[in-house]
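Coordinate-derived values only; no laboratory data. It should be emphasised that the depicted structure is a prediction, and the values quoted were computed from it without experimental measurement.
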């Protein structure tokens, strides 16, 4: 984990928490090699793959099997390298970096800024499993992002700039399991939660995240367990 800056205030003293450089080197080096090794190895068993009943496996295997050597092996290795590079790009773009200053906290990934939060709005910070969560004084979520960053490095960065770091969600006991429909929830909230449940089931994380934002605007906070169950709580006195 890397960090830059150590002062308690001001953007000039911002502290950045990100994955160490060796992790990126490992990703860029390992994934393409694994892809080449796996796909290249499959080339040796194309005859067996062609006997499988699954069409998605059978026809690509037949194409490779029809190629003369060494074109078949070289082609398989090249395909594996490209597949590994694609996975590496996706992995790097998913890595979270957190830049902490007293005035502002910025959460970013390889493809750009995810969220920027005014420091004056942040009441406390904690990790909910593998997710970094920022709450305002009323208990509403300002940000919730998946993170593999070191918890101690995050805690030190936030506390160095005067933010309150807590060991766990202080509102955890307020969450209730959502099972469609919940009678004491507004229809609009039930509809959004139902749509989000479907998005989670179909592994549409981006869409599920957008619906989380819509729920937040209505004054509801939602958290998941194993992408199967949604738990919700109401933010007291929320204007939504």
Legend entry - Contour minus Cα-Cα distance for residue 136 and residue 175 (0.36 nm per residue): 12.3 nm
Inset, instruction - Round to a whole angstrom and tell me the spacing of the C-alpha centers of segment 155-171 and segment 208-240. - result: 22
Inset, instruction - Please give the length that would be gained between residue 210 and residue 226 if that part of the chain were fully extended, namely 0.36 nm times their separation in residues minus their C-alpha to C-alpha distance (nm, one decimal). - result: 3.9 nm
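Pull out the extension gain between residue 114 and residue 203, defined as 0.36 nm times the separation in residues minus the alpha carbon to alpha carbon distance; nm, one decimal. Intermediate values should be presented prior to the final figure.
Numbers: separation 89, 0.36 × 89 = 32.04 nm, distance 1.93 nm.
Computed gain between residue 114 and residue 203 is 30.1 nm.
Quick one: if you take sqrt(5λ) for each eigenvalue of the C-alpha gyration tensor of segment 117-240, what semi-axes come out, biggest first, whole angstrom? Please report the intermediate quantities before stating the final value.
Details: eigenvalues 132, 55, 29 Å².
Each semi-axis is the square root of five times an eigenvalue, giving 26, 17, 12 Å.
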Legend entry - Global geometry of segment 91-156, whether rounded, prolate or oblate, following the gyration tensor of its Cα atoms and the 1.5 cut on a/c: prolate
Legend entry - segment 172-234 - Rg and Dmax from Cα coordinates, angstrom: 10.5, 28
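Relative to 2.2 N^0.38 Å, what does the C-alpha radius of gyration of segment 135-188 come to as a ratio? Two decimals please. Kindly include the intermediate steps, with their values, before the conclusion.
On the way: Rg = 15.5 Å, N = 54, 2.2 N^0.38 = 10.0 Å.
The reported ratio for this selection is 1.54.
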